[in-house]
């Protein structure tokens, strides 16, 4: 490994001989330099890894030298060393993007710590993170064989996301592959857990908050103390929430972060209508046939969310001043942002924001998005970039200034599908890639959670003999006709509707204004 080279600039460099010998003993190369001008000349000739720079020198001052160094090489770390504790000098140095700031007299260990922090940081963090995950890997593996409640699954899923984000930072490919295999195994176990337990959750069994109970159990209790902004970001995974949580945190402080489970199918027409109606799809079809659309019905499937919400508020006896907005384009988002002050007298303002859903569909259909969101890491990054530049952030900032409580949630998540599973159905079979409903479905048993009687899980029967199948793991359904083209088109796209941790376990976050 090449030695690290330090350029140390100080007009009293001879007095620093003990420090230089100490660093040389630690296998660092040190180039001593008595002035700013000579330092700049040295940098023209030699490549160095870091600069220690005295602030108070005759001729070109430390701050002037710093400016010239940054012009020559903006990414070169510079540690400012000064006798002065004046705040203005510190602020100017920090504003010039120094790597560290040390006050004289400095001791050798301070210098060593600064070097470790600035040059060995990535390596040290990588080694520590890898070591910690290796220990945690064994614990997660044990948990996978024992986890058997919806609370334990939510906890395990959050743990897997945590390690995914940690390992992503150090870019250790081997560790990341191990985590990916662990996520795959977790989804395999989770699919079996859902098969065993899901139907019982509707009939008085010990189950989680589901889409149709979310409003009554989680949202209604938050509406008692001032105006509330409820934001439902369509298709938002838990890891995507983590991607922009810090941005929201500039304006709001989190008071609750909980999980709830999306109903099956994890698709917008089922899960989001269930949130706003407070009813299962089967009950929506019975109670409001004019508002509910089945998969094979013509027309939009989510055109009556505001009516469903109004009916639920009335059923719950909540006499609120409320408003509902659905945002499906930049123009709509900007229009709401520019007029958001009109919501100031509402008890409840509801916004459904569709960007993430559009992003997942665009990844399937547009080559440029496929490249920009080729994996979960880049998908998170794209979500974060969108949020930071979206009208939604403007709306959230305005809500904070208006003293509104903020609730952020979603209707379901999404999963990057990689493996096809063959399915055969008649012409009336639904088109979704992660679930199918219809008659005479032929499929691979091991790949699906199959429900012969939809009423068992409170879904409507489109036909008397209709059944549902839900893809497990990261599978997607493909018909035998034109199979290879179909598989090539949809492989590595983000889909929803099936059974996976990513689709079913989703965030519910309550925040108060800062």
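Checked against the criterion of being in a strand (DSSP E or B), in contact with a helix residue (DSSP H, G or I) (Cβ under 9 Å, 6 or more places away or on another chain) and farther than 23 Å from residue 273 by Cα, the stretch 422-440 has at least one qualifying residue. Sort out which residues of the stretch 189-217 are modelled with pLDDT under 95 and in a loop (DSSP other than H, G, I, E, B), and write them in order of number. Listed by number, the residues that qualify are 203, 204, 205, 206, 207. Remark: residue 66 matches the filter, which requires a residue to be in the same structural domain as residue 30 (by TED's automatic domain parsing), in a helix (DSSP H, G or I) and touching a helix residue (DSSP H, G or I) at 6+ places or on another chain (Cβ under 8 Å).
The C-beta contact set for the stretch 105-129 (first residue closer than 13 Å to residue 50 by Cα, second residue modelled with pLDDT under 80 and assigned to a helix (DSSP H, G or I), distance under 7 angstrom, 6+ apart or interchain) comprises 116/124. Residues of the stretch 28-63 that are within 43 Å of the chain's Cα centre (by Cα), modelled with pLDDT under 90 and within 19 Å of residue 104 (Cβ to Cβ): 55, 62, 63. Residue 292 meets all of the listed conditions (1) touching a helix residue (DSSP H, G or I) at 6+ places or on another chain (Cβ under 6 Å); (2) in a helix (DSSP H, G or I) but one, namely (2). Test residue 220 against the criterion of being outside any loop (DSSP other than H, G, I, E, B), modelled with pLDDT under 95 and at negative phi, and give yes or no. Here the answer is no, as residue 220 does not meet what is asked. Please pick out the residue among 278, 317 that is out of contact with any strand residue (DSSP E or B) (no Cβ under 6 Å at 6 or more places or on another chain) and crowded, with 16+ Cβ neighbours inside 10 Å. Only one candidate passes the filter, namely 278. How many residues, within the stretch 184-212, are surrounded by 21 or more Cβ atoms within 10 Å (Cβ to Cβ) and more than 12 Å from residue 153 (Cα to Cα)? Qualifying residue count, the stretch 184-212: 4. You will find that of 427, 388, the residue that is without any contact (Cβ under 8 Å) to a residue 12 or more places away in the chain, out of contact with any strand residue (DSSP E or B) (no Cβ under 8 Å at 6 or more places or on another chain) and on the phi < 0 side of the Ramachandran plot is 427 and no other.
All of (1) at pLDDT 95 or above; (2) within 15 Å of residue 150 (Cα to Cα) hold for residue 229 with one exception: (2). Within the stretch 401-417, the residues that satisfy the criterion of being closer than 26 Å to residue 305 by Cβ and buried (at least 20 other Cβ atoms within 10 Å of the Cβ) are 404, 405, 406, 407, 408, 409, 410, 411, 412, 413, 414, 415. Of the strands (runs of 3 or more DSSP E) entirely within the stretch 449-514, those holding at least 2 residues that are touching a residue at least 24 places away in the same chain (Cβ under 8 Å), over 29 Å from residue 258 (Cβ atoms) and in contact with a helix residue (DSSP H, G or I) (Cβ under 7 Å, 6 or more places away or on another chain) occupy 475-478. Selection of the stretch 32-57 for residues being crowded, with 19+ Cβ neighbours inside 10 Å and under 19 Å from residue 119 (Cα atoms) yields 43, 48, 50, 51, 52, 53.
Matching residues to (1) buried (at least 23 other Cβ atoms within 10 Å of the Cβ); (2) in contact with a strand residue (DSSP E or B) (Cβ under 9 Å, 6 or more places away or on another chain):
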{"residue": "225", "(1), (2)": "no, yes"}
{"residue": "248", "(1), (2)": "no, yes"}
{"residue": "262", "(1), (2)": "yes, yes"}
{"residue": "302", "(1), (2)": "no, yes"}
{"residue": "329", "(1), (2)": "no, no"}
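The values are calculated or read from the model by the stated rules, or taken from the named source; none is laboratory data. Please read these numbers as outputs of a predicted model, since none were measured by experiment. For neighbour counting, all protein chains shown are included, and Cβ atoms are generated from backbone atoms with ideal geometry for every residue, glycine included.
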